[in-house]
Structure formats: C-alpha cells, structure tokens
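Peer 1: The structure that follows is given in the form of structure tokens.
Each reported figure results from applying straightforward, stated rules to the coordinates on display, with no laboratory input. Everything numeric here is computed off the predicted structure, so don't read it as measured data. Glycine gets a Cβ as well: all are built from the backbone with ideal geometry, and neighbour counts include every protein chain shown.
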Amino acid sequence: MNHRTRIKVCGLTRPQDVDAAVAAGVDAVGLVFYPESRRRLDLDQARLLRQRVPAFVTVVALFVNPSPDDVRRVLDRVAPDLLQFHGEEPPEFCDGFASRYMKAFRVGAPGQGSAPELAARCLDYPHAAGWLFDSYSSGFGGSGLRFDLSLLADIPRGPGIPVGVLSGGLTATSVGRAIAAWQPFAVDVSSGVESAPGIKDTGRVLEFVQAVRAADAGAPASATP
C-alpha cells in the first residue's frame with residue numbers, strides 16, 4: 001500500500017480559500033497569528049474561518065515568538081486543533097498550554113546549519129506532535145525559498161518520534177521530488193499556491209494536491225526541486 005502524504009495549506013485569509021482547500025482534499029489548514037505576516041488574522045477573522053472547516057480537517061494556529069496571553073486568546077476564541085510554533089520558542093514554552101503542537105525549524109539558521117546541529121535541536125522538543133522543516137528567512141515562513149534536503153539526513157524517524165513535515169518553497173512542480181527524496185509524513189505549502197500573499201489560487205491548490213497524490217502513487221515527479 002502506498003503511503004499517503006498529508007497536506008497542509010497555510011496562511012489562509014479568505015472564506016473561499018478555506019472552501020477551496022477543503023474541496024481539494026487537504027488534511028489541514030493553517031491560520032497565521034504572527035503580527036508581521038501579510039497573512040496575519042485577527043481573532044474575529046480567524047474565528048469565522050475556523051467555523052467553515054469541517055470535521056476531520058485539522059485547524060492549525062501559527063505563532064512566532066508569542067506571549068502566553070497571545071496563545072491563550074487564540075485557544076479560547078478560535079479553538080484550533082493544533083498549535084504551530086515557528087520562532088525561537090523554548091521547549092518549556094511550547095509544552096505549557098496543554099495543547100498538541102508542532103515545532104518549526106528554520107533549516108540553515110544559526111545553530112541549525114548542519115545535519116547534526118538540526119537533529120540535536122529537534123531532540124530538544126520530544127513532546128511535539130510534529131517537527132516542521134522550513135527554509136531560513138527573515139520573514140519566518142511564506143518566503144518561497146527552498147533548502148538543502150541533505151540537512152535532514154540525521155533527523156530521527158520512527159514510532160514514538162514526532163512526525164516530519166516538509167515545507168519551504170514547495171510548489172506543484174517541486175513537491176513530488178521532495179517527497180521522493182525525504183518521504184515526509186506531511187507537506188506544508190503557502191506561497192506556492194498563491195496569486196498574492198494570503199490570496200490562494202484555487203487551481204494551484206488543486207494542482208498541488210494532485211501532485212502530492214501522484215508522488216504517493218509512484219508517478220514520476222514533473223520537475224527538480
């Protein structure tokens with residue numbers, strides 16, 4: 001049986017984009033609460049989008065170096081299924097909300113520039129539900145930049161270990177090669193399915209989902225990442 005790579009579309013800002021992602025068959029949608037992001041939502045916007053998401057599609061709330069109160073307000077008002085910490089949040093902070101979370105790592109950042117360094121950093125977060133690997137940029141995600149997948153060579157894999165999620169500049173033409181190269185549990189896309197920051201393109205979302213499914217089925221990928 002072929003492995004089914006899970007798919008998250010992040011940085012949703014409009015009801016029609018939530019509807020299109022769900023219709024395309026994604027497994028998770030990401031709502032951004034980082035004030036510096038062009039995809040950032042306020043609590044009222046996020047609550048309305050969250051209400052459109054049906055059962056069996058995970059809602060992920062993304063933060064970058066938030067205060068505890070910031071996180072609690074989102075938990076209370078939006079009720080996400082999973083938290084995503086995308087900054088330099090220490091393990092004790094991430095563990096402090098009695099909520100499942102995913103920890104993102106900016107591959108190539110200081111202290112995460114080699115395979116051993118990155119693996120050691122991941123092991124600081126053993127209670128995470130997933131480890132997400134994104135490219136290193138000043139904007140904390142959504143940059144469209146890629147990174148060298150060889151830097152993931154030492155990441156532990158297996159039962160009882162947080163699942164690996166691949167992000168960073170993925171598109172419909174590159175995701176198949178990335179899946180073949182590293183076989184992640186899930187892939188996470190934002191700018192790669194947009195017509196403008198925060199504006200998802202329905203056709204690109206569908207093409208991305210189809211490319212992931214083709215990769216899972218063993219079809220040749222259409223381009224080199």
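Peer 1: Please report the antiparallel percentage of the DSSP beta bridges confined to the chain, to the nearest 5.
Peer 2: 5
Peer 1: Let me ask something else about it. Could you pull out every whole DSSP H run in the chain that spans at least 20 Å of Cα extent along its own axis and averages 1.0 or higher on the Kyte-Doolittle scale? Mind dumping the intermediate values first?
Peer 2: Numbers: long enough: 202-216 (21 Å, 0.27).
TM-like helix candidates: nothing returned.
Peer 1: Let me have the relative contact order for segment 15-136, percent, based on Cα pairs under 8 Å that are six or more residues apart. Please list the in-between numbers first.
Peer 2: Numbers: 172 pairs, mean separation 23.1, N = 122.
RCO, segment 15-136: 19 percent.
Peer 1: While we're looking at this one, here's another question. Report the relative contact order of the chain, percent, no decimals, based on alpha-carbon pairs under 8 angstrom and at least 6 residues apart. The partial results should precede the final answer.
Peer 2: Numbers: 450 pairs, mean separation 46.6, N = 225.
Relative contact order comes out at 21 percent.
Peer 1: Report P(r) for segment 1-87: all Cα-Cα distances, bin width 5 Å, range 0 to the bin holding the largest distance, values in whole percent.
Peer 2: Each 5 Å bin holds this share of Cα pairs: 3, 15, 28, 25, 16, 8, 3, 1, 1.
Peer 1: Here's a follow-up. Output the relative contact order of segment 38-91, whole-number percent, from Cα pairs under 8 angstrom with separation of 6+ residues.
Peer 2: On the way: 48 pairs, mean separation 22.2, N = 54.
Once divided by the residue count of segment 38-91, the mean separation gives 41 percent.
Peer 1: Next question. If you rank E117, E88 by fewest surrounding Cβ atoms within 10 Å, what's the result? Mind showing how you got there, number by number?
Peer 2: On the way: E117 15, E88 12.
The most exposed by this proxy come first: E88, E117.
Peer 1: Okay, moving on. Would you kindly compute the Cα radius of gyration of the chain and its largest Cα-Cα separation (Dmax), both in Å?
Peer 2: Cα only, the chain: 16.2, 47 Å (Rg, Dmax).
Peer 1: Ok, one more. Which value, in debye to the nearest 20, gives the size of the charge dipole of segment 11-107 about its Cα centre, when Lys and Arg are +1 and Asp and Glu are -1 at the Cβ?
Peer 2: Working: 13 positive and 14 negative charges, 55 e Å.
Taking the Cα centre of segment 11-107 as origin, the dipole is about 260 debye.
Peer 1: Additional query: Of the options A104, P116, S195, report the single residue whose Cα projects farthest towards the positive end of the charge dipole of the chain (beta-carbon charges: Lys, Arg +1; Asp, Glu -1).
Peer 2: The residue sitting farthest along the positive end of the dipole is S195.
Peer 1: Could you give the size of the charge dipole of the chain about its Cα centre, using +1 on the Cβ of each K and R and -1 on the Cβ of each D and E, expressed in debye and rounded to the nearest 20?
Peer 2: Numbers: 23 positive and 24 negative charges, 104 e Å.
That gives the chain a dipole magnitude of about 500 debye.
Peer 1: By the scheme Lys and Arg +1, Asp and Glu -1, what is the net charge of all other residues having a beta-carbon under 14 Å from that of G11? Before the final figure, lay out each step's value.
Peer 2: Numbers: positive: K8, R14, R38, R39, R40, K200, R204; negative: D17, E36, D134, D188, E194, D201.
Around G11, the charge tally is +1.
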